[in-house]
Structures are given as structure tokens and as C-alpha cells.
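Notes follow the structure.
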Amino acid sequence: MKVYLERKGYRYSMTTVHKYMNTELGLRSIVRPKKPGYEHGKAHKVFDNKINQDFTAPQINQKWCTDFTYLFLSNHEVRYNCTIIDLHDRSVIASITDNKITSDLAIRTLQKALESQPTIKGELILHSDQGSQFTSKAFVEFCESVHVTQSMSKAGYPYDNAPMERYYNTLKNECINLYEFKTEDDLYRAVEEFAYVEYNHVRPHSFNGYRTPYQVRIA
């Protein structure tokens, strides 16, 4: 919020902005719905961690990371999102939401990402956790077929994929948890608009020196 105000020519300290948001506007945090349980499948293949918490990349399309998260409709039905971001500038490269958390959803998201970046050169590393969708035979074979090198976090270490954790926190705090979505179409549209418009083109990112991912990507 401080950065947004500075864009308009208003300069206030973080403390002042926080004070007015809480006391004057009455803004409060939102309690998130309880996380649903997942079914864990048997891993076909687990890969070494090639990122090792080095969440930087000198060029675009060298290191991507991906993950799943859960999203709720107003009737408490669960939908699942798979997103891929580029560690060079934190751009959302692809995002797909569906009613099942499957290896097929992971494959479709990666395929969408690759199709959006036709000029990829050199090695491309895709980092994920050890979820069964990413360790499945179908996903591993797809990655091999498109020459994508897989990298995986150590089991039980979410900080090994911290940029994805941060993106999903932002998505929920600044979009999903602020509204009720009665239909799949409403939810899916909101997720895509946040990812490809708000997050990539409007929202300043501290990693980028408070420039947007798009500003850094085209620099």
C-alpha cells in the first residue's frame, strides 16, 4: 500500500499507513478456510534439489517453480490451482484451475507455460515439491519429452519452494479471500485476472525493487 501511495505522490511511513488502515478504515485480517486433505500417491521418481534455495535467475526461462493450492467456492466445494512462475522476475507464466488435483493438471499447466514461451533456449529447470502429481510417471515422462529438467524440494521443507508459497499467499490475501465465488467460472476468471493482469502488470514486487514482473521482464 505504501508503494501504491507513492505512485500517486503521497509519501507516508509504513507505520502511518498501517495505523490509518487499522484505526481509520477498520481493516482487519481474514481467517482462511481450513486446508483440505490430500490423497498421497506412490512416487514414480524423485529428483534432487537443483535450486537449493537460490531463487534467482540471470535470464528469463532458466528457472521456473510450480505448485498446487486449494481454493473454495461459496458452497465450500474445493477447486485446485496449479501455477508456474519464473524466478527471474516472478512472472506468472501459466495458471490453470480445475476440480481435481492430478498429474494431468500439472502437465496441462506446464504445456501452457511452454507454449507461451516459444523462444526458450538452453536448460530449463522446473522446481516443485515432492507431490505425487510431480513425481508421477506421466508428469516425469512429459518433462523428459519436452526437455525440462526437474528439481524437487526436500520432503517437508516448504521454504525450498518459498516463491510459490509467497505467490499463493498473495493470491489468497489480495483476491480469493476477499470475495465469495458462487460459480466455477467466477473463480477461474478471478484467478486468471489476478495472475496475468494484477500480479504481472500492476502489483509492485519487492523482489524486483518494487517494479512489476512485466517491467523487469521487458527491461
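The set of residues from the range 105-118 being touching a residue at least 40 places away in the same chain (Cβ under 8 Å) and either of a type in the set (Val, Ile, Thr) or not assigned by TED's automatic domain parsing to the domain that holds residue 140 (or both) comprises just one member, 109.
Once the range 60-85 is narrowed to residues that are crowded, with 23+ Cβ neighbours inside 10 Å and among the charged types (D, E, K, R), the residue that is farthest from residue 130 (Cα to Cα) is 63. Residue 147 meets all of the listed conditions (1) at positive phi; (2) out of contact with any strand residue (DSSP E or B) (no Cβ under 8 Å at 6 or more places or on another chain) but one, namely (2). Quick test for you: out of 35, 8, 63, 45, pick the one residue that is at pLDDT 65 or above and within 20 Å of the chain's Cα centre (by Cα). None of the other options fit; the residue is 63. Only helices (runs of 4 or more DSSP H) whose full extent lies in the range 137-214 are considered here, and the ones with at least 1 residues that are more than 15 Å from the chain's Cα centre (by Cα) and modelled with pLDDT of 95 or more are 137-145, 184-193. Scanning the range 67-114 for residues being of a type in the set (Phe, Trp, Tyr), under 24 Å from residue 202 (Cα atoms) and over 15 Å from the mean Cα position of the chain (by Cα) gives a total of 0. As a summary of the residue check, residue 167 satisfies the conditions (1) more than 29 Å from residue 45 (Cβ to Cβ); (2) among the hydroxyl-bearing types (Ser, Thr, Tyr); (3) surrounded by 14 or more Cβ atoms within 10 Å (Cβ to Cβ) except for the one numbered (1).
Please work out if residue 102 is of a type in the set (Ser, Thr, Tyr), in contact (Cβ under 8 Å) with a residue 40 or more places away in the chain and farther than 22 Å from residue 215 by Cα. Spelling it out, it is not the case that residue 102 is of a type in the set (Ser, Thr, Tyr), in contact (Cβ under 8 Å) with a residue 40 or more places away in the chain and farther than 22 Å from residue 215 by Cα.
Every residue, every condition in (1) out of contact with any strand residue (DSSP E or B) (no Cβ under 6 Å at 6 or more places or on another chain); (2) of a type in the set (A, V, I, L, M, F, W, C); (3) free of Cβ contacts under 8 Å to residues at least 12 places away in the same chain; (4) under 23 Å from residue 216 (Cβ atoms), yes or no:
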residue	(1), (2), (3), (4)
63	no, no, no, yes
66	no, no, no, yes
71	no, yes, no, no
76	yes, no, no, no
95	no, no, no, yes
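The set of residues from the range 178-213 being crowded, with 16+ Cβ neighbours inside 10 Å, in contact (Cβ under 8 Å) with a residue 40 or more places away in the chain and over 18 Å from residue 56 (Cβ atoms) comprises 181, 187, 188, 191, 195, 196, 199, 200, 204. Would you confirm whether any residue within the range 78-91 is assigned by TED's automatic domain parsing to the domain that holds residue 181, farther than 22 Å from residue 199 by Cβ and not in a strand (DSSP E or B)? There is no residue in the range 78-91 that is assigned by TED's automatic domain parsing to the domain that holds residue 181, farther than 22 Å from residue 199 by Cβ and not in a strand (DSSP E or B).
The values are calculated or read from the model by the stated rules, or taken from the named source; none is laboratory data. As the structure is a computational prediction, the values presented were derived from the model and not from experiment. Cβ: placed from backbone, ideal geometry, glycine included. Neighbour counts: every protein chain shown.
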